[in-house]
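Right, one structure below, let's go through it.
The values are calculated or read from the model by the stated rules, or taken from the named source; none is laboratory data. Predicted model, so just to flag it, every value in this text is computed and none were measured. Positions of Cβ are backbone-derived with ideal geometry, glycine not excepted, and every protein chain shown enters the neighbour counts.
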Amino acid sequence: MLILPAIDLRAGRCVRLTQGRKETAKTYDGNPVDVAQAFEAAGARMLHVVDLDAAFSDSNYSNRGVLSHLIRAVRIPLQFGGGLRTTQDVEQVIELGVTRVVIGTLAAESPETLTKILELIGAQAVAVGIDAQNGMVMTRGWERQQSISAVTLAREVAALGIERVIYTDIQRDGTLMGPNIDQTCMIARMGLKVTASGGVSSLEDLRSIQAASHCGIDSVIVGKALYEGRFTFKQAIQAVVDLHGST
């Protein structure tokens, strides 16, 4: 089970939201580069970075500069999303050194462009972010509801050649209420590799996700729980290692 620590950027700083609402942004102390290096030193094998300003369509370009610094500051790969809505956006961040892009709004609104991106950089460099509220897909920084369910979108992007989905239950994201494992497994049953996201609050939550790996969940993004000191990243790694060793 791969655990990806999250670095969500707003105006160049690390923040966390509650249920994706931008007015709930809580800024944490620490330079994002220092935070990234600390995660790497603790054993992280990949970072999940999000440009929240771009996701909300806010005109703030400082986060791209931070992204560039992060790529140079760590040796581990970066997964990056937030506001990537054209092939040009994707090409720019790939050129910066991003290993995998996360496509959200574009997957729901323009499957033709998603297909072009797949042809351009290959399936291994693309993950589709499916963010849902009450089972329905939300886009544009989680501010617009689409008339398509998360399960249907998962089936459609799998048919296009997408191999990985990052599934976020918006109602749980940033709430520390625990992940929606049942819904995440439903997405995985579309024949996809799935990264669980949203709601992780404890080491027990990580163990529960690990226990559900048989359905296709192979990784999890952890954010607020780390920033709030619920557990350390080293403890998170040990929790899934211990469970794997006991099975």
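Give the range 74-95 a look and list any residue that's of a type in the set (A, V, I, L, M, F, W, C) and at pLDDT below 95, or say none. Working first, answer last.
Keep residues of the range 74-95 that are of a type in the set (A, V, I, L, M, F, W, C), which gives 74, 76, 78, 80, 84, 90, 93-94.
Residue satisfying the conditions is LEU84 alone.
So, in the range 197-236, exactly how many residues are in contact with a strand residue (DSSP E or B) (Cβ under 9 Å, 6 or more places away or on another chain), part of a helix (DSSP H, G or I) and surrounded by fewer than 18 Cβ atoms within 10 Å (Cβ to Cβ)?
Result for the range 197-236: 1.
Being among the hydroxyl-bearing types (Ser, Thr, Tyr), at pLDDT 90 or above and either over 25 Å from LEU120 (Cβ atoms) or part of a helix (DSSP H, G or I) (or both) is the filter here, so list the residues in the range 169-196 that pass it.
Here is the first cut: in the range 169-196, the residues among the hydroxyl-bearing types (Ser, Thr, Tyr) are 175, 184, 195.
Narrowing further to those that are at pLDDT 90 or above: 184, 195.
Result: THR184, single match.
Those residues that are part of a helix (DSSP H, G or I), buried (at least 16 other Cβ atoms within 10 Å of the Cβ) and among the charged types (D, E, K, R), I need them from the range 76-103; list them, please.
Once the filter is applied, which keeps residues that are part of a helix (DSSP H, G or I), buried (at least 16 other Cβ atoms within 10 Å of the Cβ) and among the charged types (D, E, K, R), the range 76-103 yields only ASP89.
TYR167 versus (1) within 23 Å of ASN63 (Cβ to Cβ); (2) within 14 Å of the chain's Cα centre (by Cα): which is the lone unmet condition?
Single failed check for TYR167: (1).
Are any residues in the range 104-143 at pLDDT below 95, in a strand (DSSP E or B) and in contact with a Lys or Arg (Cβ under 9 Å, 6 or more places away or on another chain), and if so, which ones?
Correct list: MET138 only.
Do you know which residues across the range 51-72 are assigned to a helix (DSSP H, G or I), surrounded by fewer than 19 Cβ atoms within 10 Å (Cβ to Cβ) and among the small types (Gly, Ala, Ser)?
Answer for the range 51-72, where residues must be assigned to a helix (DSSP H, G or I), surrounded by fewer than 19 Cβ atoms within 10 Å (Cβ to Cβ) and among the small types (Gly, Ala, Ser): SER62, GLY65, SER68.
Out of the residues in the range 7-48 that are part of a strand (DSSP E or B) and among the hydroxyl-bearing types (Ser, Thr, Tyr), state the one that is modelled with the highest pLDDT.
Residues of the range 7-48 that are part of a strand (DSSP E or B), as a first pass: 7-10, 13-18, 21-27, 47-48.
Now drop any that are not among the hydroxyl-bearing types (Ser, Thr, Tyr), which leaves 18, 24, 27.
Values: THR18: 63, THR24: 60, THR27: 79.
It comes out as THR27.
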